[in-house]
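The structure under discussion appears below in the form of structure tokens.
The values are calculated or read from the model by the stated rules, or taken from the named source; none is laboratory data. The structure displayed is predicted, hence computed values, not measured ones. With ideal geometry, Cβ positions are generated from the backbone for all residues, glycine too; neighbour counts draw on all protein chains shown.
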Amino acid sequence: MADVEREELAALVRGWAAYFEWARDTGASALSRTEGRALAAPAIAEATPAREATPAREATPVREATPAPPKSAQVTAATVATVTPPSVVAPRASTPASTVESPPATVSSATPMFTELLRGEARVRALAVVEDEARACTRCKLCSGRTQAVFARGNPEAELFFVGEAPGADEDRIGKPFVGAAGRLLDRILAAMGMSEDDVYIANVAKCRPPNNRPPEDDEAAACGPFLDRQLTLVRPKVIVSWGRTPTRYLLKKNESMSKLRGNWYAVDGVPVLPTWHPAYLLRNPDAKKDTWADMKRVVEKLGRALPNPRG
């Protein structure tokens, strides 16, 4: 093999190695296909002769969108289409806790939920990877009856994260959570809090609609819950509101009734969680609206905000 060919091959190998390290550090497990864009590969060193030792790559916290690599070793979409190996994700290496922590399997584990903080486009790209996986998921029987998986709506940079139960018929048709009658009530609650969709992030435990809008069964929540775990890890909210029994049970791992849990503050890896009645429950039981509104006032206070109308 000629020296030039050997150098080109070495540069390509280094490019893929850097890409796999980037995917591992950000928790990515698939290539994003959102809007047809390939994930940007991390910057790598200029090609060096194969006979020279390549300096070790220093571990750097992933905090901003990673700059594009030098043209000589850039992993492009065309490269992915032509030379993608059978598995594009390298095995996760065991890393000491003192350097870079791996995201936990669930938010209730002893490992802190939040590790590296991604911002801006880097956070959006990471969430897009999770969304791609959710849309292709076949982990439980709910996948067979869905029109589409329903991932999230709202602002990925939001301080307030609303966790619901599962999509309904309107959500399954449109592809966004809380867009039916319960969603319209939620929007009115937000307006009364002085907020809008731009101030919150909204997702469900289950990403596929259960038959006849029944609650997700335990095995379905267990299969789909890790997508929610990764959303929580990436969005990094300051407060979580748990709408109803299913998300409350999943997040808190408690079997008590909602009547006992509602309105009390709990913590998941240090993040305050407030269980309250689901908006769909409020539509069936209007007298419970006063309880949920009292809870929402406590959420506004926890976030350090003020209500538009303090007398409300």
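Regarding region 227-247, can at least one residue be identified that is crowded, with 20+ Cβ neighbours inside 10 Å, out of contact with any Phe, Trp or Tyr (no Cβ under 9 Å at 6 or more places or on another chain) and either on the phi > 0 side of the Ramachandran plot or of a type in the set (Val, Ile, Thr) (or both)?
yes
Assigned to a helix (DSSP H, G or I), of a type outside the set (A, V, I, L, M) and in the same structural domain as Arg184 (by TED's automatic domain parsing): does that describe Tyr250?
Yes: the conditions hold for Tyr250.
Residues of region 208-219 being more than 15 Å from Arg135 (Cα to Cα) and charged (D, E, K, R), which ones?
Arg214, Glu217, Asp218, Asp219
Collect the residues in region 152-171 that are buried (at least 23 other Cβ atoms within 10 Å of the Cβ) and more than 17 Å from Asp187 (Cα to Cα), keeping them in residue-number order.
Ala166
Mind telling me which of the residues Ala223, Ala288, Ala280, Ala294 ends up being under 30 Å from Arg125 (Cβ atoms), in the same structural domain as Glu157 (by TED's automatic domain parsing) and of a type in the set (A, V, I, L, M, F, W, C)?
It is Ala223.
Restricting attention to region 265-296, report how many residues are touching a residue at least 60 places away in the same chain (Cβ under 8 Å) and of a type outside the set (Gly, Ala, Ser).
Matching residues across region 265-296 total 10.
For Pro237, indicate whether it is in contact with an Asp or Glu (Cβ under 7 Å, 6 or more places away or on another chain), of a type outside the set (A, V, I, L, M) and in contact (Cβ under 8 Å) with a residue 12 or more places away in the chain.
It is true that Pro237 is in contact with an Asp or Glu (Cβ under 7 Å, 6 or more places away or on another chain), of a type outside the set (A, V, I, L, M) and in contact (Cβ under 8 Å) with a residue 12 or more places away in the chain.
Would you mind stating whether Ile189 is within 14 Å of the chain's Cα centre (by Cα) and closer than 27 Å to Ala306 by Cβ?
no
Within region 257-268, is there a residue that is surrounded by fewer than 17 Cβ atoms within 10 Å (Cβ to Cβ) and of a type in the set (A, V, I, L, M, F, W, C)?
Checking region 257-268: at least one residue is surrounded by fewer than 17 Cβ atoms within 10 Å (Cβ to Cβ) and of a type in the set (A, V, I, L, M, F, W, C).
Within region 123-136, identify whether any single residue is modelled with pLDDT under 50 and farther than 30 Å from Arg305 by Cβ, and answer yes or no.
Looking through region 123-136, none of the residues is modelled with pLDDT under 50 and farther than 30 Å from Arg305 by Cβ.
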